[in-house]
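Read through the structure below, which is laid out as structure tokens, and then see the notes.
The values are calculated or read from the model by the stated rules, or taken from the named source; none is laboratory data. On a predicted model such as this, the values are computed, not experimentally measured, just so you know. Ideal geometry is used to build each Cβ from the backbone, glycine not excepted, and the neighbour counts take in all protein chains shown. Quick note on the areas: whole protein, heavy atoms, side chains included, nothing else; ligands and nucleic acids left out. Shrake-Rupley method; radii C 1.70, N 1.55, O 1.52, S 1.80 Å.
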Amino acid sequence: MNRSTALLLALAALLAHVLTLHQDSAGRLGPPLDGVHVAFRLGRELVHGGAAPLAESYPSAAWIALAALAERLNSPPTVAAQLVAILCVLATVWVVSRFSPARLAGVIAPLLCVVSGSIASAAGGGSEFALFGLGLCTAFLGFEHGRGRVLALGLVLASLARPEGLLVGLGFLALTGLARARAGSAADGGSRIRLSAFAVPLLLEALFALLRWRAGGPALSPTLGALFDVSFERAAHGSAEVWDFVLHSGAPALVVVPILVALVGRLAGRAARALLVALGWVAYVALQGGPALPFWAELAPALPLVFLGVQETLTRLIDERREVFRRVGWALFGLGLMSSALASKLPSDVGPLPLAALHRAWLGDERDAGDDPLDLPRARVGVERAVRQTERLRALGVFLRDNLDPRASIASPWPGAVSYLSRRTVQDLFGRSTVLLGDGERRTWFGERRTDLLAAFDGDPDYVVPFLLEARRAPRVVPLVQTWFRRYDRVGDGPERMAEFWRRFENYDLITVPVPTWRADTSRGPYEPFFLLRHRRLGLAPQLIARVEERRLIVDVQHAGHLQLVDLAVSLQNAAGEVRSLRPTGHFEAGQGVHARNNLMLMPTGERQVRLLEVPLPPDFRPTHVLAVLRNPGSQGEAGFSHVSNEVVLDLR
């Protein structure tokens, strides 16, 4: 097999990798991840003249422009973003192959890119990091070959993709200065770069700064501004995430090979420069708090250069006269390929090899994942959960669009899909796409998600999407709030703050709404339950009306709100304190915890009352009281988030 054929097969394998990794519940290519939907909303606002603030609501000018273009052409921006991202990673592999175009060993780096789950995840998730990685790799190619126009093109792509393009431009400017200062060899590509190659990229950055300032934001991107507020805790967390990436993503662990070679003073210049640029980006992500996307996609731009450094080092080993070095070089390459392929695979056996237990011990699986919806599992399992969450959030956005008053205010820790599909500006509880009250500017999308929970509820939004994306039933209030403060609050749970938070939180009811089903399997019905917090000032809670006529119990409901899922609980109590609960069959049985109606879908009734049930009272039981209430589906006991209506108590004495 010649080199060109190997490269074409590598590109086809990368496309297959993307399509396999980023699947939805039906086995199709899943939607772009939630955060990217913020760019889609902003693009629509640009086209239709909305009032959304555009100054750094999403840190990618290219992705907002792409969404606006798709909106103008009446084309889905979801498709456009994923198509461009996939084309970018394919182009990146081609660019990497141009560093050693005449050797078969020059496909080592491209093949390592092909099996990298982080690169495939950045493409399938529709992330701008795919374009940023292409720009970074193109700029390095231009620098190494002394081609100023190629360098400038790469820097422009990086600046369009992310605000960190400014740092990339300054970094290559410094490398060029060092190369020109050493100036000896004409073979040194960096020394042949003219400073004029940086003119267009720097002018573009100046234009972006002016536009931010004219839009009411700071001239420096808040993403870069976060570097001036780096805390030890955030940097430590970011470093831990990067180390986790090295240990559990496969081939990136091969970076230890060029590092060991560098320690003995035999590392090639190109490999050293590639690793320097790559490690610079990795250090930046660590300082910002580490990756937040599944499969560590924020680190994908560094991987082609890491693999280039590995390729240069392994090539030198392969070229050694000693056969042992050649074998070690190819063995390390094979090990990198296999480990990356395993990281992109769900934990299971590999053919006849019983590797499932070892695989699960290395990466974990869905069973090891906790109930924190923001704490994604590693590797392929994390991508699956992120896609599943995005599908649910997209379904919620459709529900909110079709059922809520257009003037209703919404807050959510996931501001993308909900905002885009509901066609409403959603307050970001983490202050990234919108500014939290009391904060001067937006916060970075990197790192661990923490916020000021008190400030997040300052605006008293009508609806809040709670941190319950993975919950299956209504939780208890006190443990829930304690968990929120432990996981997501960055200020602390002092007595005064907790008291103030409870004062605001008590104004909300937890409700269950039916969102369109997002699963391929619709055997459970056309909808699925989703939890929301709804402010009581809206007055949309259903009202129960109960009465007894001729020994028959009648329960009606009047509902002024939107679609809502409820359980109806009805019980009888006699003078001795004995309790009987109504079953769905119409019979009363001793004890509590049984619901008379399950998963009722309430619809707006206007001024009318709708009958929920009419049953005869048991002849062998003389009740003194009748109790009826609507609950969240599946909830039990007297939890604060259980009741969703008034509780009716009839005195029959």
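Can you tell me which residue is surrounded by the most Cβ atoms within 10 Å (Cβ to Cβ) among those in region 605-625 that are in contact with a Leu (Cβ under 8 Å, 6 or more places away or on another chain) and in a loop (DSSP other than H, G, I, E, B)? Here the answer is Pro623. Taking the numbered list (1) part of a loop (DSSP other than H, G, I, E, B); (2) farther than 19 Å from Arg450 by Cβ in turn, Val418 passes all entries but (1).
In region 551-575, the residues that are closer than 11 Å to Leu602 by Cβ and part of a strand (DSSP E or B) reach residues that are of a type in the set (Gly, Ala, Ser) and modelled with pLDDT under 90 with C-beta atoms within less than 6 angstrom, at least six apart or across chains, in these pairs: Leu568/Ala596. Against the test of being open to solvent by 20 Å² or more (accessible area, probe 1.4 Å), over 20 Å from Gln389 (Cβ atoms) and assigned to a helix (DSSP H, G or I), the options Leu14, Leu46, Leu42 yield a single qualifying residue, Leu46.
So that you can scan it fast, the table gives a plain yes or no per residue for (1) modelled with pLDDT under 90; (2) more than 21 Å from Gly216 (Cβ to Cβ); (3) touching a strand residue (DSSP E or B) at 6+ places or on another chain (Cβ under 7 Å):
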residue: Ile410; (1), (2), (3): no, yes, yes
residue: Trp414; (1), (2), (3): no, yes, no
residue: Val435; (1), (2), (3): yes, no, no
residue: Gly438; (1), (2), (3): yes, no, no
residue: Glu441; (1), (2), (3): yes, no, no
residue: Asp458; (1), (2), (3): yes, no, no
residue: Val464; (1), (2), (3): no, yes, yes
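Look through region 456-506, keep the residues that are among the small types (Gly, Ala, Ser) and in contact (Cβ under 8 Å) with a residue 24 or more places away in the chain, and return whichever of them is farthest from Val426 (Cα to Cα). Checked region 456-506; the qualifying residue farthest from Val426 (Cα to Cα) is Ala474.
Taking region 219-250, which residues are outside any helix (DSSP H, G or I) and surrounded by fewer than 17 Cβ atoms within 10 Å (Cβ to Cβ)? Ala219, Val230, Ser231 - these are the residues of region 219-250 that are outside any helix (DSSP H, G or I) and surrounded by fewer than 17 Cβ atoms within 10 Å (Cβ to Cβ). Of all residues in region 254-304, those that are buried (at least 17 other Cβ atoms within 10 Å of the Cβ), modelled with pLDDT under 90 and either of a type outside the set (Lys, Arg) or outside any helix (DSSP H, G or I) (or both) total 7. Residues of region 444-464 that are part of a loop (DSSP other than H, G, I, E, B) and within 22 Å of Met498 (Cβ to Cβ): Glu448, Arg449, Arg450, Asp452, Phe457, Asp458, Gly459, Asp460, Pro461. Remark: pairs (first residue in region 60-85, closer than 26 Å to Glu205 by Cα and at pLDDT below 95; second residue open to solvent by 20 Å² or more (accessible area, probe 1.4 Å) and not hydrophobic (A, V, I, L, M, F, W, C); Cβ separation under 6 Å; 6+ apart in sequence or on different chains) = Glu71/Arg44. Restricting region 411-461 to residues that are touching a Lys or Arg at 6+ places or on another chain (Cβ under 6 Å) and among the hydrophobic types (A, V, I, L, M, F, W, C) leaves a set whose member that is nearest to Phe228 (Cα to Cα) is Trp445.
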